[in-house]
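Engineer: First the structure, which I've put down as structure tokens, then a few questions once you've had a look.
The values are calculated or read from the model by the stated rules, or taken from the named source; none is laboratory data. Being a predicted model, the structure only gives us computed values, none of them experimental. So basically every Cβ, Gly included, is an ideal-geometry build from the backbone, and we count neighbours across all protein chains shown.
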């Protein structure tokens, strides 16, 4: 069943899958998996009963069920299911089912960004990768920013009145996946309206000295279509070709030209030739291949059946992976390179990556975007908190500080991943005056000024912003070395800690989950719908004690993957401020805290000792597992492992290729990891390796899923 | 025999011009035919940011049983509104007092969040998970119309703003620019455009549907599905074009005449005013039967009303005032702006004859906040104002209803209210959204029977 339903019917991959996961006797859905489910699962997760709202009798090997299979695999592997009260399944049978699910996931990775880890790390990095990589032939709707650049490519001048037709989904993590987005009616309506506005601007004229001329930004080739007399066929074709090159970065074929002329002719009987011409120019802007990245593999095939991306496809893929703007000048280079062979193509792409990542003026926002989405510290601005009394609180500035630190580390391009985790430096409340004005020496100054106070009126001085980082004064030279043994790296920046906190508390659970998933490459199931996440409201206890509720039976199944990894960050309060004790409500003192009439005056706090210990368990690297004293030890230990770096590489793969990795990408990932290490931890080398990999360059058409 | 007006209209409705005059003739015929005519039902959702204070629903002289007015009661209570004075915040609705139901005590804790519950307010599920079609789209699916739902509103954030979903995972945007919502609904008959522009658009949609169909053939499997939505969009829009063409006269008659000040750099008040006008016109012209009008909300974009001396709603949400106005004064002022607009909408519907009565008789306006009962909601109560009885299906003739507090026997949720609406339009179902796990001991299914009439 599995092999016949394989998404990528490459003999090489299947051989590898069998070696990796299955052994000699390949388990099948019908013979191995279905009987197992029937015997051990369906009673509680079937038509009669759906324990935990899980139903397994309708599962198939289709890709839409990959995620569920991943969860089943984890439950079986970790021995959570079937429950102990039920007769245990035969160990060999269980292994066979695990092997089958593993193979399924390896060939059809989950569609969603946070499902990438379902493919076990060992399968990708556990041994030498033999297969030649490839990706699925696919389309990928433009990033919202790329749409803006498309508009700019089509009409160079300022244009008001346009709306954003689509956005990215708001979930944390890597957001722009090829499988996540399509165009619906609401987007389409806006796209049509935008196209009308753009073409109107492209064809707008004014009267100058009695002559009708194009306005600023109008396209010369289109003006012939505005004359009262009918345009010649040649004028029509020129206009079509001009718009086509602007929108799709290639010339139109004869057949395409014929169809557009047909649309024009259809509009002429209305008596409005100009309107007909504008409609014709609008539809070119609505083409699927203008609004989607096309990566079908329309180049030549190689001996294994993989197909090259054509030069136009490749140009779009490379430039929209590195930034948001196309760069059609790369096409002729790629055409020439493709004739010379794959090495020349790789060299041309590597050069383009180098130009973008090292260019002083190049737009690196999409590159930086990876680190923002990976760490998600920029969400600090979305976590609502009341400002602490007498403290300045400006989460935007805390995010800006981390952003600046991240950019400096990325641009230094040395040991990037470890530096991000372990740097002892930080930017602190900093902006550069006149940063964007050329020729001026930037002067560092505090972005958030101390709050003024009037001691003569009895005001108490406000705590200054720098104090957030443990400093007494605004440091004029930055990045500054933070107080010894308090903070390390991005995960101990206030912005990250706030982003992963709740309104009034720290959030060890989600912090732990972040570490489990993004550093250790593990998986945690989503919170089951219907489970109310409740930490006890007993504020007389430290948060760690209140979180004990998760250690009960069924909660602990998932929470043991998270809580102990997140608890060391209790070193910081929920604003990300370093602390050595924890404030809890003093019940006795609070009871006495009343005014003369006996009215309660509010809670009184007392300081209790702080516990910052945690445990690394089930990390996949036995040397790593064990207790840690505090968050710094936790991060130092993890940062020293190959595994964490490789998991980072996997995330970079997902971001730049817009999909989860499959087993066919094992060589790509290993090569990228090697390139990164050999270049001394160079992120540029990593991106070059990913964008010149077989996974990036080659496509194989997907086979239809079984019904 | 001298034909009566009723005969004339009847003949007209069967004649060739019927397709052009469609709804207006339907309505006149129905008006002439009397009670036997099938009336069209309509729902308007008005969703406002920063919470709906329970106190604003309390008429003068009424108190809630517990110590403060903001705490819900232990048992179900009901009072007639007749002879009572509405809270100043709702005073503009006084002309419709006999058509109001002020509903307190419903919860929607499943959608609880910091501020706005976003899609949770109309969907009754956790804010971040678009688990199904929201109530406005579900009503739209039953009630029909050229546009199954029209979502317009005001936001500081521009257009990236969603309170509704048409299906699981499919957010539907709120159009926040009046100019844009006008173009969407009335562009086909706008003064500066003529039939030609409309025909060009028809050609464009037809061409694009064909173009995407061709593009699809190059793709396989799931990749093809990524273009399906795009294709479907062109096909639907093309179909809608034909419907709009058939009703051009009707639409032209109702197209709102917006002032420049409502369209360019408009204040929040003017933007809302324009959106309410457009929404009313869309209902009068028969373009849609379900409108969602939103004001602020979504993340922390609450809104800004410098024209009322209230530059920031977040500030007042935290108890801050402006100049001589307390936070409560500001809340009342903002509420009055909205209740005035709602009253204006109700008035327009009331002046339009339909069946034996008016359009308002067949409508219900559901007014609530995306943020429950306050700026920082608990989700344990979610006050709702209902105006209109949906063609006699709802009992909203001047009532104040207070359901038992969260967790108490007889406690009901916002989902139950939405089930009531579905029931009232002939689509009864047991559950809506995601049930609240905190209420697992209570029955969360079915409509609010107190609000249904014998006719439903």
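Engineer: For the condition out of contact with any strand residue (DSSP E or B) (no Cβ under 9 Å at 6 or more places or on another chain) and assigned to a loop (DSSP other than H, G, I, E, B), what is the one hit in A:611, A:618?
Structural biologist: Sole residue among the options that is out of contact with any strand residue (DSSP E or B) (no Cβ under 9 Å at 6 or more places or on another chain) and assigned to a loop (DSSP other than H, G, I, E, B): A:618.
Engineer: Give me the helices (runs of 4 or more DSSP H) completely within the stretch B:1-105, filtered to those with at least 1 residues that are modelled with pLDDT under 90 and loosely packed, with under 14 Cβ neighbours inside 10 Å, ordered by residue number.
Structural biologist: It comes to B:5-14, B:18-33.
Engineer: For the stretch B:344-354, check the following and say yes or no: at least one residue is within 16 Å of residue B:87 (Cβ to Cβ) and touching a residue at least 40 places away in the same chain (Cβ under 8 Å).
Structural biologist: no
Engineer: What number of residues within the stretch B:317-331 are in contact with a strand residue (DSSP E or B) (Cβ under 7 Å, 6 or more places away or on another chain) and closer than 19 Å to residue B:90 by Cα?
Structural biologist: Qualifying residue count for the region: 1.
Engineer: Output the number of the condition that residue A:278 fails; it satisfies all remaining conditions of (1) modelled with pLDDT of 95 or more; (2) under 43 Å from the mean Cα position of the chain (by Cα); (3) within 13 Å of chain B (Cβ to nearest Cβ); (4) surrounded by fewer than 17 Cβ atoms within 10 Å (Cβ to Cβ).
Structural biologist: The one condition residue A:278 does not meet is (4).
Engineer: Need at least 3 residues that are buried (at least 22 other Cβ atoms within 10 Å of the Cβ) and away from chain A (no Cβ under 11 Å) per element, so show me which strands (runs of 3 or more DSSP E) inside the stretch B:120-236 make the cut, counting only ones lying wholly within it.
Structural biologist: Because the criterion is at least 3 residues that are buried (at least 22 other Cβ atoms within 10 Å of the Cβ) and away from chain A (no Cβ under 11 Å), the strands (runs of 3 or more DSSP E) in the stretch B:120-236 that meet it are B:150-154.
Engineer: Would you list the helices (runs of 4 or more DSSP H) that sit entirely within the stretch A:63-138 and hold 3 or more residues that are under 30 Å from residue A:308 (Cβ atoms) and at pLDDT below 85?
Structural biologist: So the answer is A:91-107.
Engineer: So, one more: So if I check each of B:407, B:398, B:438, B:446, which one is within 14 Å of another protein chain (Cβ to nearest Cβ), over 20 Å from the mean Cα position of the chain (by Cα), on the phi > 0 side of the Ramachandran plot and surrounded by fewer than 20 Cβ atoms within 10 Å (Cβ to Cβ)?
Structural biologist: B:407
Engineer: Next question. So for the stretch A:157-166 (the condition being within 12 Å of another protein chain (Cβ to nearest Cβ), closer than 26 Å to residue A:499 by Cβ and in contact with a helix residue (DSSP H, G or I) (Cβ under 8 Å, 6 or more places away or on another chain)), does at least one residue qualify?
Structural biologist: Checking the stretch A:157-166: at least one residue is within 12 Å of another protein chain (Cβ to nearest Cβ), closer than 26 Å to residue A:499 by Cβ and in contact with a helix residue (DSSP H, G or I) (Cβ under 8 Å, 6 or more places away or on another chain).
Engineer: Another one. For the stretch A:254-275, which residues satisfy the criterion of being under 41 Å from the mean Cα position of the chain (by Cα), within 12 Å of another protein chain (Cβ to nearest Cβ) and either more than 19 Å from residue B:231 (Cα to Cα) or assigned to a strand (DSSP E or B) (or both)?
Structural biologist: The answer is A:255, and nothing else.
Engineer: Looking at (1) away from chain B (no Cβ under 11 Å); (2) under 21 Å from residue B:223 (Cβ atoms); (3) at pLDDT below 90, which is the only condition residue A:169 fails?
Structural biologist: Only one criterion in (1) away from chain B (no Cβ under 11 Å); (2) under 21 Å from residue B:223 (Cβ atoms); (3) at pLDDT below 90 is unmet by residue A:169, namely (1).
Engineer: Same structure again: Return the residues of the stretch A:387-415 that are surrounded by fewer than 21 Cβ atoms within 10 Å (Cβ to Cβ) and either without any contact (Cβ under 8 Å) to a residue 12 or more places away in the chain or closer than 26 Å to residue A:354 by Cβ (or both); say none if nothing qualifies.
Structural biologist: Within the stretch A:387-415, A:387, A:389, A:403, A:404, A:407, A:408, A:410, A:411, A:412, A:413, A:414, A:415 meet the criteria.
Engineer: Let me ask you something else. Please determine, by comparing only the residues of the stretch A:360-385 that are assigned to a loop (DSSP other than H, G, I, E, B) and touching a residue at least 60 places away in the same chain (Cβ under 8 Å), which one is nearest to residue A:321 (Cα to Cα).
Structural biologist: A:376
Engineer: Could you grab the pairs with beta carbons closer than 9 Å, sequence gap of 6+ or different chains, first residue in the stretch A:109-136 and within 14 Å of chain B (Cβ to nearest Cβ) and touching a residue at least 60 places away in the same chain (Cβ under 8 Å), second one buried (at least 21 other Cβ atoms within 10 Å of the Cβ) and part of a strand (DSSP E or B)?
Structural biologist: A:135/A:295; A:135/A:698; A:135/A:699; A:135/A:700; A:136/A:295; A:136/A:699; A:136/A:700
Engineer: Does residue B:333 satisfy the condition of being touching a helix residue (DSSP H, G or I) at 6+ places or on another chain (Cβ under 8 Å) and either free of Cβ contacts under 8 Å to residues at least 40 places away in the same chain or in a strand (DSSP E or B) (or both)?
Structural biologist: Here the answer is yes, as residue B:333 does meet what is asked.
Engineer: To continue, here is another question. Find the helices (runs of 4 or more DSSP H) located wholly in the stretch A:141-247 whose residues include 2 or more that are closer than 30 Å to residue B:240 by Cβ, and list them.
Structural biologist: Those helices (runs of 4 or more DSSP H) span A:144-154, A:185-202.
Engineer: Among the residues of the stretch A:463-490, how many are touching a helix residue (DSSP H, G or I) at 6+ places or on another chain (Cβ under 6 Å) and under 18 Å from residue A:565 (Cα atoms)?
Structural biologist: 3
Engineer: Checking residue A:284 against (1) at the interface with chain B (Cβ under 9 Å from one of its Cβ atoms); (2) crowded, with 21+ Cβ neighbours inside 10 Å, which single condition isn't satisfied?
Structural biologist: Going through (1) at the interface with chain B (Cβ under 9 Å from one of its Cβ atoms); (2) crowded, with 21+ Cβ neighbours inside 10 Å one by one, residue A:284 breaks only (1).
Engineer: Additional query: Say whether the condition of being in contact with a strand residue (DSSP E or B) (Cβ under 9 Å, 6 or more places away or on another chain) and either farther than 24 Å from residue B:295 by Cα or facing chain A (nearest Cβ under 10 Å) (or both) is met by at least one residue in the stretch B:239-252.
Structural biologist: yes
Engineer: May I pose another question? Residues in the stretch A:178-193 that are more than 8 Å from chain B (Cβ to nearest Cβ) and buried (at least 22 other Cβ atoms within 10 Å of the Cβ): how many?
Structural biologist: Counting residues in the stretch A:178-193 that are more than 8 Å from chain B (Cβ to nearest Cβ) and buried (at least 22 other Cβ atoms within 10 Å of the Cβ) gives 1.
Engineer: Which count do you get for residues in the stretch A:205-244 that are touching a residue at least 60 places away in the same chain (Cβ under 8 Å) and either exposed (fewer than 11 other Cβ atoms within 10 Å of the Cβ) or over 16 Å from residue A:282 (Cβ atoms) (or both)?
Structural biologist: The total comes to 1.
Engineer: Quick check on residue A:297: is it at positive phi, surrounded by 21 or more Cβ atoms within 10 Å (Cβ to Cβ) and outside any helix (DSSP H, G or I)?
Structural biologist: yes
Engineer: Looking at the stretch B:395-406, can you tell me whether even one residue there is modelled with pLDDT of 95 or more and under 19 Å from residue B:47 (Cβ atoms)?
Structural biologist: Yes, the conditions are met somewhere in the stretch B:395-406.
Engineer: For the list (1) out of contact with any strand residue (DSSP E or B) (no Cβ under 8 Å at 6 or more places or on another chain); (2) surrounded by 15 or more Cβ atoms within 10 Å (Cβ to Cβ); (3) not in a helix (DSSP H, G or I), I need the number of the one condition that residue A:432 fails.
Structural biologist: Failed condition: (1).
Engineer: Same structure, new question: So which of A:625, A:673, A:705 ends up being modelled with pLDDT of 95 or more and more than 20 Å from residue A:409 (Cβ to Cβ)?
Structural biologist: A:625
Engineer: Check the stretch B:267-278 and report whether any residue there is more than 22 Å from the chain's Cα centre (by Cα) and either within 14 Å of chain A (Cβ to nearest Cβ) or crowded, with 21+ Cβ neighbours inside 10 Å (or both).
Structural biologist: Within the stretch B:267-278, not a single residue is more than 22 Å from the chain's Cα centre (by Cα) and either within 14 Å of chain A (Cβ to nearest Cβ) or crowded, with 21+ Cβ neighbours inside 10 Å (or both).
Engineer: Please find, within the stretch B:283-330, the residue that is farthest from the other protein chains (Cβ to nearest Cβ) out of those that are within 30 Å of residue B:358 (Cα to Cα) and in a helix (DSSP H, G or I).
Structural biologist: B:284
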